[in-house]
Amino acid sequence: MTATSSIEVKDSPQTEGVEQKPRPVAATQSSRWSSFKEVLSWRNYPVFLITSWVSSGFIVLNSYMPLYLYTIGWDLLFIGTATGIVSLVGAVCRALGGYIGDTIDRKISAVVVMAPVALYFLIIGLSRETFLIMTAMLLYAGADIARSGSTAYILDTVKTERSGFALALFTAGSILGVPVLLLLGVFTLTVGFTTAIQQMHLMGGFLLLLCAVARMRLDPSPRRRSQRVGSLLRTFLSENARAARLLMVSVPCLVGVVVCDAISDGLFRLGALIYASEVLGVGIMGINLTMLFYLVISFPLLLKIGHVSDTSGIRRAGLIVYAMMPVSALLLLVAPVFPLWGPPQLGVLLESVYPGLGVLMTTAFVAIVLKYTNDLLWWNVIISFVQKNLPSSDSAKGLTVFWVIVVFLASVAPVAGGYIYTFLGPYWLFLVILVLNLGIITSISRSGWGRAVVKSVTD
């Protein structure tokens, strides 16, 4: 038999819906330091946090992949098409992963998710063959079959009143990308960019294998696994359809906003660094220092925005973060006309101090730092919002349906981006991004993200 569900919905008298729930007094009055000590006391949280930080530190290298592939001879249209195919595979794996994440012990997902990612890094580090690189990218997408269950595992541990701060700590692990990029800069100066990328991927692959072993020591998931009877396919389809209905009730406007942002993000990440290098003349060392700077400033901002989302509401946090997105696209559009925001003499002086440091005076530097920093903050806000509004018993399925919809619809972005950049020119690419960003911020400011509060879900 297929499990049935009942969803009780309470209409909110406010346009901001779920954000109008009373906030715990302790969450409002406590300092970030007390929040930090509290979340570290949760069982399993420190191990999961450290291993996630290692993963986040090396995943920052993904930002370089379009530029790396372009440098070793792939054309941008092929890069976009390959990225789109990989995104579709990831969406299918996510769809399966949500059902698996709510059916098996979520600890298994937390361990398994590390293995294909480690293999991806090892293959990229060892080979430049097109077939092997595509295989590695598909393995990376295949990790999505365990990603929702892995995310749901830690959500089982996170308490709702501290969820914004606790999840911000996970995202803040990208600060470990700083030593990764420092090493990348050193290797680039000594052996060249492409070899340096391979060396860093090789190092990351070995460390991620160690993280998978460390996660084996986690406790089993505290949540009761769902009991399902009958046809596996019928149950799978029924459960995911139920999760989709729950998602639409809980966060009715969020999916559209996030899909548009994911398309914008896919376009930007495909072309921004190539555009900076090829059109604006920013060198590899300058690009590396740009990414370093964004990681350094993002750490305190992540903790701040996590605290704001817990104490002042998700909608306000989202507006604060997203306000800079259109500015970034606009700056890249005007960068060929106004390549510098500061005096050229200072740029020359900085370049003489350290190779690439002159990038600090460029418009491209400001635009890319704004975009990547706000992306990091934005996704923390989104995950926190979903976590606060989905019942924990269905969190893996809810996260899965959410990301499958987003990734599936946004998979057209890299393909379209490759076409636009190749045949129409890079300026059209950033013009499309600007229009999408303006539409998103208008939607958030006018309608918010939801109008209903889910009270209970019963199987």
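Every number in this text was worked out from the coordinates using simple rules, so none of it is lab data. What you see is a predicted model; the values in this text were computed from it and never measured. Heads up, the Cβs are rebuilt from the backbone with ideal geometry, glycines too, and the neighbour counts pull from every protein chain shown.
Laid out as a table, the results:
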quantity: Hypothetical label at Thr442: residues of region 251-281 whose amide nitrogen lies under 20 Å (7 Å Cα-Cβ projection); calculated: 253-265
quantity: Segment Trp428-Val186, extension gain: residue separation times 0.36 nm, minus the distance between their alpha carbons; calculated: 83.6 nm
quantity: Potential lengthening between Ile50 and Val92 on full extension [0.36 nm per residue; Cα-Cα distance subtracted]; calculated: 12.3 nm
quantity: Arg217/Leu340 FRET efficiency (R0 60 Å; Cβ-Cβ; nearest 0.05); calculated: 0.70
